[in-house]
1. Any idea which residue in segment 30-56 is nearest to the chain's Cα centre (by Cα), counting only those that are part of a helix (DSSP H, G or I), under 24 Å from D4 (Cβ atoms) and of a type in the set (A, V, I, L, M)?
2. Could you grab me the full set of residues in segment 11-50 that are among the β-branched types (V, I, T) and out of contact with any helix residue (DSSP H, G or I) (no Cβ under 9 Å at 6 or more places or on another chain)?
3. If you go through segment 17-24 one residue at a time, do you hit one that is surrounded by 14 or more Cβ atoms within 10 Å (Cβ to Cβ), aliphatic (A, V, I, L, M) and more than 22 Å from V105 (Cβ to Cβ)?
4. Counting just the residues of segment 27-41 that are surrounded by 18 or more Cβ atoms within 10 Å (Cβ to Cβ) and of a type in the set (A, V, I, L, M), which one comes out nearest to G63 (Cα to Cα)?
5. So A114 ticks every box in (1) in a loop (DSSP other than H, G, I, E, B); (2) modelled with pLDDT of 90 or more; (3) farther than 30 Å from R167 by Cβ but one. Which box is left unticked?
6. Does I79 satisfy the condition of being at pLDDT below 90 and of a type in the set (A, V, I, L, M)?
7. Looking at A155, is it free of Cβ contacts under 8 Å to residues at least 40 places away in the same chain and either within 26 Å of I79 (Cβ to Cβ) or assigned to a strand (DSSP E or B) (or both)?
8. What number of residues within segment 1-42 satisfy the criterion of being more than 18 Å from I66 (Cα to Cα) and aromatic (F, W, Y)?
Amino acid sequence: MTQDAEIDALVRARIRGLRIAKGWSLDELAARCYLSPSTLSRIETGHRRIGLDQLTAIARALGASIDQLVEEAGDEVVIKPHHQPERGITTWVLSHDPGQQGMTVARLRITQPASRDPGALKVHPGRDWFTVLSGTVELVLGDRLVVVDAGQAAAFSTMVPHTFGARGGPAEVIAILDHDGERMHLDA
């Protein structure tokens, strides 16, 4: 099977899978994307080529983007950690939506306390959000120290100089970072 045929089959399977996951019949999806049920059936079964205009309408009706329908399935099942011993951080990138407006979800294990050195404070456009899974995190926001315990979350403007670290032992967090936050906190 050629790569184009594999992607074509993947797109068709995703369309059918999303339709079934929503509990919709062919008739229901067809009505939502202004196609006939027979056309949609032939698209799903591979008996008709998918036009870009049809793919756009189907994706919109399913609440998906064209990118989500056509992206190749990644071979990565196991997410390997990225260790930064000098920073005391181990990172697992759980999801990554590249691009200026994309968001990245990452799990971080933090072992070092937050630096109080003004040079360690970062500023970038946007907002950061994290929730503490275990341990306690010190969040330095300008001249404020905010303590975030397990089960709590923090959200803040990243235009305020900031950094974070563990307090009293290792801490683990799930963070949602925009493009600039990913660049500043994960790529450093």
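The values are calculated or read from the model by the stated rules, or taken from the named source; none is laboratory data. This one's a predicted model, so the numbers in the text were calculated from it and none came from an experiment. Please note: Cβ atoms are built from the backbone with ideal geometry, for glycine as well, and neighbour counts cover all protein chains shown.
1. Here the answer is L55.
2. Matches in segment 11-50: I20 only.
3. The answer is no, given that none of the residues of segment 17-24 is surrounded by 14 or more Cβ atoms within 10 Å (Cβ to Cβ), aliphatic (A, V, I, L, M) and more than 22 Å from V105 (Cβ to Cβ).
4. Among residues in segment 27-41 that are surrounded by 18 or more Cβ atoms within 10 Å (Cβ to Cβ) and of a type in the set (A, V, I, L, M), the one nearest to G63 (Cα to Cα) is L29.
5. For A114, the exception is condition (3).
6. Here the answer is yes, as I79 does meet what is asked.
7. Spelling it out, A155 is indeed free of Cβ contacts under 8 Å to residues at least 40 places away in the same chain and either within 26 Å of I79 (Cβ to Cβ) or assigned to a strand (DSSP E or B) (or both).
8. 1
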